[in-house]
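Data first, discussion second: the structure below is written as structure tokens.
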Amino acid sequence: MADSRSEIRGLLAQGRSFARAGDARAAASFFTAALRAAAAGAPDDLAAELGEAQAYVRKAAADYQAHLESAVAGARAGPRLDEAFAMLLGRKPLHIPPIPYPQRPSLFHFPGLPQRPFYELEAFGWVPGLEAATGPIRAEAEALLAQGADFRPYVEQDRNRPKRDFHGLQGDPSWTAFYLWKDGAPVAENAARCPHTAEAIRRVPLSAIGARTPSVFFSLLRPGAHIPPHHGMLNSRLICHLPLIVPPGGWLRVGAETRMWEEGRLLIFDDSIEHEARNPSDRLRVVLIFDIWRPELSEAERRGVSLMFEAIDGFGRDGGGQASDR
């Protein structure tokens with residue numbers, strides 16, 4: 001009980017700190033974590049503080065819903081976006097089709113999209129140009145490695161959120177990234193080190209979903225590393241891999257289909273479907289990863305999704321309410 005008391009007190013203290021600072025999203029996240037920790041049993045002397053945390057979370061959720069409703073009121077993109085918004089707010093249940101590997105995005109589900117693990121390259125006119133740039137892009141990745149560039153663990157702890165590990169990969173150096181775009185914005189210093197890559201990416205129709213996308217980064221998977229099965233956060237975008245340094249035997253599984261990385265040959269897939277990857281070799285694997293819009297979304301639907309996430313990501317910083325965890 002002593003450890004539990006200490007954990008709950010720490011989460012409550014962090015929640016109060018963020019609330020005083022006007023970051024309601026972070027405050028509500030820590031208060032929610034405290035309430036979850038207390039569900040298994042909490043000391044009586046914390047009852048009042050937990051009651052205050054519960055009231056804060058409820059108020060934050062109501063403020064969040066009202067904020068989103070106001071922000072997307074002008075978006076007229078049709079019934080699919082309306083349904084997606086209703087599911088986001090919990091007003092409509094999510095329908096999961098009875099198939100072995102359905103889309104299960106962890107954050108946002110856009111309805112009515114095909115359940116397709118991999119997309120064939122012929123559907124995307126920009127693919128040949130990007131594949132033709134593989135040599136210069138690979139050279140820039142190799143230069144970063146030679147210069148000891150700061151590749152950070154792909155799964156890092158957000159100091160503004162309670163600790164939440166990801167399959168044991170929190171801070172794991174076996175899977176790292178060097179970002180040219182991160183959280184929807186360019187990383188200017190990094191992009192300047194990779195001019196050929198930046199130029200090639202400028203010709204790609206990257207997605208733009210609030211502060212979630214685009215992301216563009218070199219992904220390193222060290223010898224023997226395994227990324228366990230998981231689902232991405234959105235099904236309104238697709239993930240693209242341009243393999244650059246590809247030791248033998250490396251693979252990516254999406255749903256029931258497994259494909260091997262081939263240098264210079266793009267893979268485009270839906271990461272809201274369960275997927276995993278492995279580098280079974282004794283050499284480093286390097287892939288350029290970025291995200292694009294799903295081709296099935298209309299321009300109006302894309303604008304609607306972007307507007308929705310701009311509202312989500314811009315909310316709760318100055319005393320509003322709670323937005324979704326990132």
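Filter segment 125-139 for residues that are more than 23 Å from residue 257 (Cβ to Cβ) and among the aliphatic types (A, V, I, L, M); which is most open to solvent (accessible area, probe 1.4 Å)?
132
Could you list, in sequence order, all residues of segment 228-270 that are in contact (Cβ under 8 Å) with a residue 60 or more places away in the chain, assigned to a strand (DSSP E or B) and crowded, with 16+ Cβ neighbours inside 10 Å?
From segment 228-270, those in contact (Cβ under 8 Å) with a residue 60 or more places away in the chain are 228, 230-236, 238, 242, 244-245, 254-257, 259, 263-270; that's our starting set.
Checking the rest, the ones that are also assigned to a strand (DSSP E or B) come to 228, 230, 234, 238, 242, 244-245, 254, 257, 259, 265, 267-269.
Within segment 228-270, 234, 238, 242, 244, 245, 254, 265, 267, 268, 269 meet the criteria.
From the list 202, 212, 285, pick out the single residue that is closer than 30 Å to residue 71 by Cα and surrounded by 20 or more Cβ atoms within 10 Å (Cβ to Cβ).
None of the other options fit; the residue is 212.
Which numbered condition in (1) out of contact with any helix residue (DSSP H, G or I) (no Cβ under 7 Å at 6 or more places or on another chain); (2) without any contact (Cβ under 8 Å) to a residue 60 or more places away in the chain; (3) surrounded by 19 or more Cβ atoms within 10 Å (Cβ to Cβ) is the only one that residue 96 fails?
Condition not satisfied by residue 96: (3).
Restricted to segment 101-124, and to residues that are touching a residue at least 12 places away in the same chain (Cβ under 8 Å) and outside any loop (DSSP other than H, G, I, E, B), which residue is surrounded by the most Cβ atoms within 10 Å (Cβ to Cβ)?
The qualifying residue surrounded by the most Cβ atoms within 10 Å (Cβ to Cβ) is 103.
Would you mention how many residues in segment 290-311 are of a type outside the set (D, E, K, R), open to solvent by less than 20 Å² (accessible area, probe 1.4 Å) and out of contact with any Gly (no Cβ under 6 Å at 6 or more places or on another chain)? Walk me through it before giving the result.
Let us first name the residues in segment 290-311 that are of a type outside the set (D, E, K, R), namely 290, 292-293, 295, 297-298, 300, 304-309, 311.
From the residues that got through so far, the ones that are open to solvent by less than 20 Å² (accessible area, probe 1.4 Å) too are 290, 292, 297, 304-306, 308-309, 311.
Next cut, out of contact with any Gly (no Cβ under 6 Å at 6 or more places or on another chain) only: 290, 292, 297, 304-306, 308, 311.
Qualifying residue count, segment 290-311: 8.
Would you check which residues across segment 181-199 are on the phi > 0 side of the Ramachandran plot and crowded, with 16+ Cβ neighbours inside 10 Å and list them?
184, the sole residue that qualifies.
Need the failing condition index for residue 73 against (1) more than 30 Å from residue 298 (Cβ to Cβ); (2) surrounded by fewer than 21 Cβ atoms within 10 Å (Cβ to Cβ); (3) small (Gly, Ala, Ser), just the number.
(1)
Suppose we filter segment 76-93 for residues that are part of a loop (DSSP other than H, G, I, E, B), open to solvent by 70 Å² or more (accessible area, probe 1.4 Å) and closer than 17 Å to residue 312 by Cβ; how many remain? Step through it out loud before you land on a result.
First, pick out the residues of segment 76-93 that are part of a loop (DSSP other than H, G, I, E, B): 76-78, 89-93.
Now restrict to residues that are open to solvent by 70 Å² or more (accessible area, probe 1.4 Å): 76, 91-93.
Add one more test, that the residue is closer than 17 Å to residue 312 by Cβ, and what stays is 91.
Total meeting the criteria: 1.
Of the residues in segment 171-191, how many are touching a residue at least 24 places away in the same chain (Cβ under 8 Å) and assigned to a strand (DSSP E or B)?
9
Could you please tell me which pairs satisfy a Cβ distance under 8 Å, a separation of 6+ or placement on different chains, a first residue in segment 125-150 that is under 13 Å from residue 190 (Cα atoms), and a second residue that is modelled with pLDDT of 95 or more and charged (D, E, K, R)?
These pairs meet every condition: 140/193; 143/193; 144/193; 149/193.
The values are calculated or read from the model by the stated rules, or taken from the named source; none is laboratory data. Keep in mind the model is a prediction, meaning the values are calculated, not measured. Note: ideal-geometry Cβ built from the backbone for every residue, glycine included; neighbour counts use all protein chains shown. Please note that ligands, DNA and RNA were not included when accessible areas were found on the heavy atoms of the full protein model with its side chains. Shrake-Rupley method; radii C 1.70, N 1.55, O 1.52, S 1.80 Å.
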